[in-house]
1. Taking E101, is it at pLDDT 95 or above, within 14 Å of the chain's Cα centre (by Cα) and loosely packed, with under 15 Cβ neighbours inside 10 Å?
2. Has the range 84-107 got at least one residue that is of a type outside the set (D, E), touching a Gly at 6+ places or on another chain (Cβ under 7 Å) and in contact (Cβ under 8 Å) with a residue 60 or more places away in the chain?
3. I need every pair where a residue in the range 19-48 that is closer than 27 Å to S70 by Cβ and without any contact (Cβ under 8 Å) to a residue 40 or more places away in the chain has its Cβ under 8 Å from the Cβ of a residue that is among the acidic types (D, E) and surrounded by 16 or more Cβ atoms within 10 Å (Cβ to Cβ), sequence separation at least 6 or different chains.
4. Could you run through the range 19-44 and say how many residues are closer than 12 Å to L86 by Cβ and either among the charged types (D, E, K, R) or surrounded by fewer than 20 Cβ atoms within 10 Å (Cβ to Cβ) (or both)?
5. Which numbered condition trips up V79, out of (1) at pLDDT 95 or above; (2) of a type outside the set (D, E, K, R); (3) surrounded by fewer than 20 Cβ atoms within 10 Å (Cβ to Cβ); (4) not in a helix (DSSP H, G or I)?
6. When you go through (1) within 23 Å of I110 (Cα to Cα); (2) more than 16 Å from the chain's Cα centre (by Cα); (3) surrounded by fewer than 11 Cβ atoms within 10 Å (Cβ to Cβ); (4) not small (G, A, S) one by one for E16, which number turns out not to apply?
7. Which one of V79, V34 is β-branched (V, I, T) and within 15 Å of the chain's Cα centre (by Cα)?
8. Check whether at least one residue in the range 58-70 is within 16 Å of Q42 (Cβ to Cβ), in contact with a Gly (Cβ under 7 Å, 6 or more places away or on another chain), crowded, with 17+ Cβ neighbours inside 10 Å and not aromatic (F, W, Y), and report yes or no.
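The values are calculated or read from the model by the stated rules, or taken from the named source; none is laboratory data. All values reported here derive from a predicted model rather than from experimental measurement. As a convention, Cβ positions derive from the backbone with ideal geometry for all residues, glycine included, and neighbour counts pool all protein chains shown.
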Amino acid sequence: MRILDAGALISLDRGERDIWALIAEVQRAGQRPVVVAPVIAQAWRGAGRQARLARVLSGTEVVVADDLLSRRAGELLAVAATSDVLDALVALVAADRPGCEVLTSDPDDIHHLLQSLKVKRRIRRV
């Protein structure tokens with residue numbers, strides 16, 4: 001299972017082959033990539049301009065940042081002494097999914113947040 005951050009969505013939108021190959025692996029395994037809903041807002045600028053991204057998003061599992069997840073993100077930011085809400089949401093979703101891999105443009109930030117959670121996950125720079 002792969003979790004996508006905004007950088008991963010932007011790479012998909014740009015048509016970068018490496019990340020498209022990773023998404024194809026997920027799909028061949030009968031899985032769907034995972035995206036936290038607010039991450040979509042960071043990458044989305046309109047269907048007319050983002051047909052590739054729209055295609056990927058139609059096949060993703062979207063995790064809603066509900067009250068509980070949002071509060072957990074705030075607490076994680078306090079513990080980690082950092083401020084990127086979206087990275088915190090991605091790290092929490094990854095922490096809740098053993099065996100997942102995070103596709104991110106900010107591997108150091110995600111690593112730091114996962115360390116603060118005392119969780120190890122695979123992280124791949126995109």
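1. On the way: at pLDDT 95 or above: yes; within 14 Å of the chain's Cα centre (by Cα): yes; loosely packed, with under 15 Cβ neighbours inside 10 Å: no.
No: the conditions fail for E101.
2. At the first step, the residues of the range 84-107 found to be of a type outside the set (D, E) are 85-86, 88-95, 97-100, 102-105, 107.
Add one more test, that the residue is touching a Gly at 6+ places or on another chain (Cβ under 7 Å), and what stays is 104-105.
Next, only the ones that are in contact (Cβ under 8 Å) with a residue 60 or more places away in the chain stay: 104-105.
Checking the range 84-107: at least one residue is of a type outside the set (D, E), touching a Gly at 6+ places or on another chain (Cβ under 7 Å) and in contact (Cβ under 8 Å) with a residue 60 or more places away in the chain.
3. Sorted first by the residue in the range 19-48, then by its partner, the pairs are A43/D13.
4. Step one: filter the range 19-44 for residues closer than 12 Å to L86 by Cβ, giving 35-43.
Applying the additional criterion that residues be either among the charged types (D, E, K, R) or surrounded by fewer than 20 Cβ atoms within 10 Å (Cβ to Cβ) (or both) yields 37-38, 40-42.
Number satisfying all stated conditions: 5.
5. (4)
6. Answer for E16: the failing condition is (3).
7. Numbers: V79 fails: within 15 Å of the chain's Cα centre (by Cα).
Checking each option against the conditions leaves just V34.
8. Within the range 58-70, none of the residues are within 16 Å of Q42 (Cβ to Cβ), in contact with a Gly (Cβ under 7 Å, 6 or more places away or on another chain), crowded, with 17+ Cβ neighbours inside 10 Å and not aromatic (F, W, Y).
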